[in-house]
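Peer 1: Just passing along the structure, written as structure tokens.
The values are calculated or read from the model by the stated rules, or taken from the named source; none is laboratory data. Worth saying up front: this structure is predicted, and the values here are computed from it rather than measured. We place every Cβ from the backbone using ideal geometry, glycine too, and count neighbours over all the protein chains shown. Remember, those area values only see protein heavy atoms, side chains included, never the ligands or the DNA or RNA. Shrake-Rupley method; radii C 1.70, N 1.55, O 1.52, S 1.80 Å.
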Amino acid sequence: MSNPNPSTKDFRIAIVGGGMCGIACAVALARKGIRAEVFESAPKFDEVGAGVGLGPNALRALRGLGILDAVLALTDEAQKTARQMLYVSGPGAHEEVYDYNNSSVFTEADNGIGIYRPAFLKAVMPLLPDSTAAHFNKRCTSISTLESGVQCIRFADGTTHETDLVIGADGIKSMTRAAVVGTEKKIFQFTNSVAYRGLVPMDTLRQEGVTSAVDKRLLNFVGIDKHIIAFPIKSGKMVNVVAFATDNSVSVGSVEVTGPWVEAVPHQELLDKFQDWGHDVTAMIKYMKTPSKWFIHALSPLETFVRGKIALVGDAAHAMPPHLGSGVGQGFEDVYLLCELLGPSSTKLSNLESVLKAYDTIRQPRANMVLERSFRAGVVCESFGKPGYMTPSEMEGHLAGIWEPIWRHDLEGDYATAVSTLKADGVFPAVN
Ligand SMILES: Cc1cc2nc3c(=O)[nH]c(=O)nc-3n(C[C@H](O)[C@H](O)[C@H](O)COP(=O)(O)OP(=O)(O)OC[C@H]3O[C@@H](n4cnc5c(N)ncnc54)[C@H](O)[C@@H]3O)c2cc1C
């Protein structure tokens, strides 16, 4: 995919990491005539075979990036209506606890989608033009700024690459982050939660007498120290199941996971964990195809996403627990604002650092707000059931409106604010 097409910019861009955010960034820049090179540690672009929920803010960001139509073309009706969460009890008869549809502020504009991650990749890959050079098996190990101001990226294979702007999209274990915040303190931590992930055929669940609307709605089975999220994918033929279990006997950050963060798991482990939960849950657990176990990690909020001409996006900047299904949505918001700010002809090598600062001023507090809410949502979803824990009305008190600040954000407003700051500071001309 290498092509020496000239960029419309007087600076070079390297994107480190080709996950959902890195690829979205490359596509959006290419649409603006800006050339970028992508350096991915894996042998090819790939996505784990699981679903991902995208809220309305994520969809608006994708629209702004020019990606939404392609994604929606691979999304069916069942996935489009799956978004508003219905909370039911995990143990017992799965009684309704709280329906987010009843939120007084809910409107149609709050619709989101659930999509199979490989389908997202399939949608965006054709949008990646030949002018984007993609380099595989390139694991970034460090970045240094040369005396000339040029960024020098080092890779595990001993090679280096020089560029002007580095966009760090290399996920939670990011190496680019070290160049922004330093390496002296441990930034990510195990949340003491594991997630068992897998797909279950809907036909099987029907045969097993499952009556919960997992083929139509986004369901959250809540309980104590455990909760399960289930939503339809593949036209409602499959149900995507994510079953969380948390060890609350130890403090967050005190346990270090030394092995891999994702591993195959014996089915018996899940069956044992959820054996005392209700019928529909145990059926989903029983028929989960090739379940995997994920050790959920998250970042402590970073003070900045930018240093000099290095900017972080996505999980590299703000990896959060998945309890509000908003991690990649925040990544898409990062990518949207960053690409919008890189687009104007006023953005040049000479003022790049000021432009990145404007990006940071807006994105750092917002993404960290969502990170903090995601931690809180996880605690609420695992505090329901017995005396001494929450009642349905207490749950409602915590959950009603929890998504509104995330979903109803004005992305164009962010861009307008950044541009007026840049004009006020004399970085952009008053008339642009
Ligand atoms: C169980 C679970 C459920 C989730 N559900 C949702 C959900 O419903 N909705 C939602 O919005 N989010 C969800 N998330 C979060 C979401 O998956 C992440 O926010 C998203 O994948 C981040 O994308 P990214 O591109 O920033 O990082 P990644 O997807 O981690 O991609 C990083 C890329 O960089 C590459 N890379 C890594 N290190 C290097 C290096 N040193 N050099 C070069 N390349 C490198 C990797 O190979 C990878 O391709 C969930 C997460 C989990 C764990």
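Peer 1: Of the residues SER354, SER346, SER383, which single one is in contact with a Pro (Cβ under 7 Å, 6 or more places away or on another chain) and at negative phi?
Peer 2: Exactly one residue qualifies, and that residue is SER346.
Peer 1: I need every pair where a residue in the range 394-416 that is farther than 30 Å from THR347 by Cα has its Cβ under 7 Å from the Cβ of a residue that is small (Gly, Ala, Ser) and surrounded by 13 or more Cβ atoms within 10 Å (Cβ to Cβ), sequence separation at least 6 or different chains.
Peer 2: Close Cβ pairs (under 7 Å, with a partner that is small (Gly, Ala, Ser) and surrounded by 13 or more Cβ atoms within 10 Å (Cβ to Cβ)) amount to ALA400/SER103; GLY401/SER103; ILE402/ALA377; TRP403/GLY55.
Peer 1: Within the group THR361, THR290, THR347, which residue is in a strand (DSSP E or B), over 15 Å from ILE172 (Cα atoms) and away from the ligand (no atom under 13 Å from the Cβ)?
Peer 2: THR290
Peer 1: Now for a different question. Which pairs do you get when a residue that is more than 16 Å from LEU72 (Cβ to Cβ), found in the range 45-58, comes within reach of a residue that is assigned to a loop (DSSP other than H, G, I, E, B) and within 8 Å of the ligand (Cβ to nearest atom), reach meaning Cβ atoms under 7 angstrom, with the pair 6+ apart or on two chains?
Peer 2: Close Cβ pairs (under 7 Å, with a partner that is assigned to a loop (DSSP other than H, G, I, E, B) and within 8 Å of the ligand (Cβ to nearest atom)) amount to PHE45/GLY18.
Peer 1: Being among the aliphatic types (A, V, I, L, M), at negative phi and not assigned by TED's automatic domain parsing to the domain that holds ALA418: is that true of VAL257 here?
Peer 2: Working: among the aliphatic types (A, V, I, L, M): yes; at negative phi: yes; not assigned by TED's automatic domain parsing to the domain that holds ALA418: yes.
So VAL257 passes the test.
Conditions (1) small (Gly, Ala, Ser); (2) crowded, with 20+ Cβ neighbours inside 10 Å; (3) in a strand (DSSP E or B), marked per residue:
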{"position": "ILE229", "(1), (2), (3)": "no, yes, yes"}
{"position": "GLY236", "(1), (2), (3)": "yes, no, no"}
{"position": "VAL239", "(1), (2), (3)": "no, yes, yes"}
{"position": "VAL250", "(1), (2), (3)": "no, no, no"}
{"position": "GLY253", "(1), (2), (3)": "yes, no, no"}
{"position": "VAL257", "(1), (2), (3)": "no, no, no"}
{"position": "GLU263", "(1), (2), (3)": "no, no, yes"}
{"position": "GLN275", "(1), (2), (3)": "no, no, no"}
{"position": "ASP280", "(1), (2), (3)": "no, yes, no"}
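Yes/no per residue for (1) closer than 23 Å to ALA133 by Cβ; (2) at pLDDT 95 or above; (3) within 14 Å of the ligand (Cβ to nearest atom); (4) touching a Leu at 6+ places or on another chain (Cβ under 6 Å):
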| site | (1), (2), (3), (4) |
| --- | --- |
| LEU29 | yes, yes, no, no |
| GLU37 | yes, yes, yes, no |
| SER41 | yes, yes, yes, no |
| LEU54 | no, no, yes, no |
| LEU62 | no, yes, yes, yes |
| LEU65 | yes, yes, yes, no |
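Peer 1: Failed condition for GLY49, given (1) within 11 Å of the ligand (Cβ to nearest atom); (2) touching a helix residue (DSSP H, G or I) at 6+ places or on another chain (Cβ under 7 Å); (3) open to solvent by 10 Å² or more (accessible area, probe 1.4 Å), with all others met?
Peer 2: Condition not satisfied by GLY49: (1).
Peer 1: Right, something else. In the range 191-210, which residues are part of a loop (DSSP other than H, G, I, E, B) and open to solvent by less than 30 Å² (accessible area, probe 1.4 Å)?
Peer 2: VAL210
Peer 1: Do you know which residues across the range 172-190 are within 11 Å of the ligand (Cβ to nearest atom) and either outside the structural domain of SER41 (by TED's automatic domain parsing) or surrounded by fewer than 21 Cβ atoms within 10 Å (Cβ to Cβ) (or both)? Talk me through it step by step, then tell me what you get.
Peer 2: Taking the range 172-190 first, the residues within 11 Å of the ligand (Cβ to nearest atom) are 172-178.
Across the range 172-190, the qualifying residues are ILE172, LYS173, ALA178.
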